[in-house]
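Here's the structure, in structure tokens; my notes come after.
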Amino acid sequence: MKLLRYSSIIIILLMAGEACAGVAYLSFTAKPQGASVVIQWRTWMEFDNTGFNLYRSEKKDGDYIKINASFIPTKSPGPYSGGSYTLTDTAVADRTKYYYRLETVDAKGASGFLDAVPALVAKNTWVQEQTAATSLLCDIWGTSRKNIFAVGEGGTILRYNGFVWSPDASGTTLQLSGIWGSAADDVYAVGDGATLLHYDGALWSQVAHPLSGTGYPLHDVWGSSADDVFAVGYGAILHYDGAAWVMMNINATEEDWSYSAFNCVWGSSGADVYVSVEWGVIHYDGKNWTLIPDISVYGSLSAIWGSAGNDIFITGNGYDKGMGKGFGIIWHFDGTGWVSHTFDYGFSSVWGNSGTDVYAVGPGGTILHYDGTEWVCLDSGTTSALYGIWGSSEAGVFAAGENGTILRYQGNATTTTSVSAGGCPAKTVMGDRGQDLNTLRVLRNELFAKTGEGRQYTALYYKQAVEVSAIFSRNEELKEQARMLMRGILPAIESILAKRKAAISEAAMQKAIAIINALTAQASPSLQQELFRLRQDIEHGIIFKTFGVMVQRD
């Protein structure tokens, strides 16, 4: 009877795609870690299984090669138990996406394959920011690259001014779970104990609202404008109309919503708002709340984000009681219907630059990226759980999580520290002046490589090296201007390396801006964007403060 019962389970799982060749799987993941990919799989039950082979390809539908040197034998002691397996693939190249397929082989030699899972090897693309925080950070949000907030345990509020992360006085020791604002001087943070704070550009202050004094937690906040803000929490959805906070009438169904935990809120406008509860989502059209029947999970929903009303992503975490298995879910709405995808990763938050550039984060440093076609696992460089993610085309992408972790995404910039002579702007400009080039290399290795900001400038240099060199090669006058500028600031660089006071003239700074403007006029759109950010850093003095250089005003 027992054999019949478990055999029936396997048949059901095979039909549902959860089993392969008599093996019921709990998970199968491929996670990049530095110069390798760690592939792990766990099985629930293995019937008549002898072991596994693992295959890799650079194309999902391409030719796969076996990467295990020898057959991977089963670890299952019997048909009613499973095992845990790990293989580390080190024969991978940087900036390359790989697909992995797992083959199960039974005692008769018959085999079956699991669907391929992708992983992108890209070392050092996420850089850890330097902060004084050690507590859990729950959310992150900002208005620009020079005004970003992270909130978390103990009333922690960190604010980034484009140079350093500094603590703000929140006036509370309670956990803050969500943050949003309409402008740099109109920001809200919510958290435990019905905490609702407002920032006016100078100070944080407590805001009175219908749940004040109840102790009920508020989990998230979002608005379409300064006078249309929603805050959600235990048993309530609050709305601010520019004059006062009120409790909304939740008429989505006839059930009593006062005992429901509303976890997150997002909308494309004040008349297109989504709010999640533990098991589903309700929608507000400006007048009424309705339940979305297509979204339901035994578990919880963690975040909502969209690029528009017809392009929405919702992340959540489910639990299979029968298998004792947790899993992550991402729903996507394309304007016509909701489609869900399950993953062997959990999710805490989701955010994107567009519908084809979306990030989801979760436990264990998990970061997945969606390019409009598929979700791919990235190398975050951390094992700390990540709870919030935010960015903009101007600011870049930031993720925050436990242990005070804040990560900044460096994009697809190469991390190599050498390029060919024809693609090295410094050599194109300076020629064969070996001593000058050596000074620049020492600056890169001894100073830039040791700070987060420095690594970003280095990544920018190598990412755009070939195009910048080509522009200089085509324009001798511009190359000569850059050469004279570099020779003029070399004494300041040498002072920095000698740990002496360093200074450049305002005239040199203006020459640098003029050269950047000239490069921008001839650059591709992607290089134009990077040069714009660099010019801003120079104009605002950020690059000089970072490396301790004084600008002598004329």
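Stretching S269 away from R500 to a fully extended chain increases their span by 77.8 nm, per 0.36 nm per residue minus the current alpha-carbon distance.
For the peptides 491-498, 347-354, residues were scored by their other Cβ atoms within 10 Å and the scores averaged per peptide; the highest-first order is 347-354, 491-498.
Find out how many positive minus negative residues lie around G335, taking Lys and Arg as positive, Asp and Glu as negative, among other residues whose Cβ is under 14 Å from that of G335. Present the calculation step by step, with values, prior to reporting the outcome.
Details: positive: none; negative: D272, D294, D311, D334.
Net of charged neighbours comes to -4.
Annotation: the antiparallel percentage among DSSP beta bridges lying fully within the chain is about 95.
Computed extension gain for E477 through S354, at 0.36 nm per residue and net of the alpha carbon distance, reaches 40.3 nm. In the chain, Cα pairs under 8 Å separated by at least six residues give a relative contact order of 9 percent. With viscosity 0.692 mPa s and temperature 37 °C, the Kirkwood radius over alpha carbon pairs of the chain converts through Stokes-Einstein to a diffusion coefficient of 125 µm²/s.
Which links in K287/K321; K60/K427; K31/K75; K427/K511 stretch past 28 Å when you go from one Cα to the other?
Details: K287/K321 38 Å; K60/K427 40 Å; K31/K75 22 Å; K427/K511 20 Å.
Check vs 28 Å cut-off fails for K287/K321; K60/K427.
Modelled spin-label separation between F113 and S81, with each label point placed 7 Å from Cα along the Cα-to-Cβ direction: 3.2 nm. The simple spin-label model puts a point 7 Å past each Cα toward its Cβ; for T134 and A169 those points are separated by 2.4 nm. Subtracting the Cα-Cα distance of S393 and V466 from their residue separation scaled by 0.36 nm leaves 24.0 nm. If you plug the beta carbon distance of A184 and D63 into 1/(1 + (r/R0)^6) with R0 = 60 Å, you get a FRET efficiency near 0.70. Taking the Cβ of I312 as the centre, find all other residues whose Cβ is under 14 Å away and add up their charges (Lys, Arg: +1; Asp, Glu: -1). My count for the surroundings of I312 gives -4. Three principal axis extents of segment 126-409 based on alpha-carbon atoms, in descending order, are 44, 44, 34 Å.
Relative to one another, the C-alpha centroids of segment 339-364 and segment 123-140 are positioned 18 Å apart.
Inter-part distance, segment 467-504 to segment 160-196, computed on C-alpha centroids, equals 41 Å. Of the complete DSSP H runs in the chain, those spanning 24 angstrom or more by Cα along the long axis with a mean Kyte-Doolittle score not below 0.0 are 476-497.
Quick one: pull the percentage of alpha-carbon pairs in segment 71-113 with a separation above 13 Å.
Working: 646 of 903 pairs.
Within segment 71-113, distances greater than 13 Å cover 72 percent of Cα pairs.
On the beta carbon distance between N124 and M247, with R0 = 60 Å, the FRET formula returns roughly 0.80. Candidate cross-link partners of K66 among the aspartates and glutamates, defined by an alpha-carbon separation under 14 Å and a same-chain spacing of 8 or more, comprise E58, D89, E103.
Since every read-out is calculated from the coordinates, none of them should be taken as a lab result. Everything numeric here is computed off the predicted structure, so don't read it as measured data. Here the Cβ is made from the backbone with ideal geometry for all residues, glycine too, and neighbour counts use every protein chain on show.
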